[in-house]
Amino acid sequence: MIEIENVTKEYPSPEGLRLRILDSINANIPLGSQLGVVGRSGSGKTTLLSMLAGLERPSLGTIRINGFPVSSAGEAELSRFRAREVGFVYQTFQLLKHLSALENVLVAAEIAGHPNARTAAQDALEWVGLSTRLKHRPDQLSGGEQQRVAIARAIVNKPKLLLCDEPTGNLDPQSADQIFRLISSLSLELGATLFFVTHDYALAHQLTGRIELERGQLSRLQLSSGSMA
Ligand SMILES: Nc1ncnc2c1ncn2[C@@H]1O[C@H](COP(=O)(O)OP(=O)(O)OP(=O)(O)O)[C@@H](O)[C@H]1O
Ligand SMILES: [Mg+2]
């Protein structure tokens, strides 16, 4: 279960004001849920993902993931948690440009202390359909292929939480659709909880659950087709 309890997030503004981005939000999300996350630009989608990953702490309130206190854990525990339990996919791929596809994925497996890092990295690239591109560097790959490498990196440690922040935002419609399908099928296969941020409501509606952020609130929280919480 992902437990979000009375979570408020404020940022100081350059003018010295405190901007309240999220205002006392609550949600209990069963592990394995697949959630499309939507909301206007600036509504706090990236902020929410950063707090789930323990990259940002709530100003108030608590977040627990499968019992692990993300919002209060120490930095060393959080680093271990992120390396082993969380996979990220970003709009801009964020690959290391001097490393090959295989090396990009390998780094993530090694940081997590994977006992068979190289085999795991090769397997992950095979899952995303890139076994013929292992030695290509990012600038030798298409955008859709780079995103596949990023997905392989995100899943190489079989994370329980997959955080995708507009992963299709930089892709043409056909690649976007393929990447969406790949992420949703891999997260199902892994039993991972998926947060998939997108401005494309049609994509978000293909997932069984949805979170909508509006004026600091979860204006909509639907955990599976048909259930409202
Ligand atoms: N480190 C920070 N310091 C100050 N303000 C911040 C910081 N990070 C985010 N904000 C503010 O918090 C608000 C929410 O930002 P966030 O990036 O979560 O929005 P978003 O929903 O992901 O938007 P987009 O769809 O454009 O990516 C914004 O108004 C932003 O200016
Ligand atoms: Mg964002």
Next on the checklist: Can you tell me which residue is surrounded by the fewest Cβ atoms within 10 Å (Cβ to Cβ) among those in segment 1-55 that are in contact (Cβ under 8 Å) with a residue 12 or more places away in the chain and of a type in the set (Lys, Arg)?
Outcome noted: Arg40
Checklist entry - Does any residue of segment 31-38 turn out to be touching a strand residue (DSSP E or B) at 6+ places or on another chain (Cβ under 8 Å), hydrophobic (A, V, I, L, M, F, W, C) and at pLDDT below 95? => result yes
Checklist outcome for this item: Of the residues in segment 7-46, those that are among the β-branched types (Val, Ile, Thr), within 12 Å of ligand 1 (Cβ to nearest atom) and closer than 25 Å to Ser185 by Cα number 3
Item to check | Residues of segment 92-109 satisfying the condition of being part of a loop (DSSP other than H, G, I, E, B) and among the polar types (S, T, N, Q) | outcome: Thr92, Gln94, Ser100
Next on the checklist: Given the options Lys9, Lys45, name the one that is in contact with a helix residue (DSSP H, G or I) (Cβ under 6 Å, 6 or more places away or on another chain) and modelled with pLDDT of 95 or more.
Outcome noted: Lys9
Checklist entry - Taking Gly61, is it buried (at least 18 other Cβ atoms within 10 Å of the Cβ) and within 22 Å of Leu141 (Cβ to Cβ)? => result no
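Could you list all residues from segment 171-202 that are under 10 Å from Val38 (Cβ atoms) and either basic (Lys, Arg) or surrounded by 20 or more Cβ atoms within 10 Å (Cβ to Cβ) (or both)?
Just the residues of segment 171-202 that are under 10 Å from Val38 (Cβ atoms), to begin with: 196-201.
Within segment 171-202, Phe196, Val197, Thr198 meet the criteria.
Looking at segment 110-134 only, could you name the residues that are of a type in the set (Gly, Ala, Ser) and part of a helix (DSSP H, G or I)?
Kept after step one, since they are of a type in the set (Gly, Ala, Ser), are these residues of segment 110-134: 112-113, 117, 120-121, 124, 129, 131.
Across segment 110-134, the qualifying residues are Ala117, Ala120, Ala121, Ala124.
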Item to check | Selection count where residues are away from ligand 2 (no atom under 13 Å from the Cβ) and within 15 Å of Asp165 (Cβ to Cβ), scope segment 15-50 | outcome: 2
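Check Ala202, Ala176 and return the single one that is modelled with pLDDT under 95, more than 26 Å from Ala124 (Cβ to Cβ) and among the small types (Gly, Ala, Ser). Break it down stepwise before answering.
Working: Ala176 fails: more than 26 Å from Ala124 (Cβ to Cβ).
Just a single option satisfies the conditions, and that option is Ala202.
Any residue in segment 149-160 that is surrounded by fewer than 16 Cβ atoms within 10 Å (Cβ to Cβ) and either in contact with a Ser or Thr (Cβ under 6 Å, 6 or more places away or on another chain) or of a type outside the set (A, V, I, L, M) (or both)? First the steps, then the outcome.
Within segment 149-160, the subset surrounded by fewer than 16 Cβ atoms within 10 Å (Cβ to Cβ) is none.
Within segment 149-160, none of the residues are surrounded by fewer than 16 Cβ atoms within 10 Å (Cβ to Cβ) and either in contact with a Ser or Thr (Cβ under 6 Å, 6 or more places away or on another chain) or of a type outside the set (A, V, I, L, M) (or both).
The values are calculated or read from the model by the stated rules, or taken from the named source; none is laboratory data. Model, not experiment: these values are computed from the prediction. Don't worry about glycine lacking a Cβ; one is built from the backbone with ideal geometry, like all the others, and counts go over all protein chains shown.
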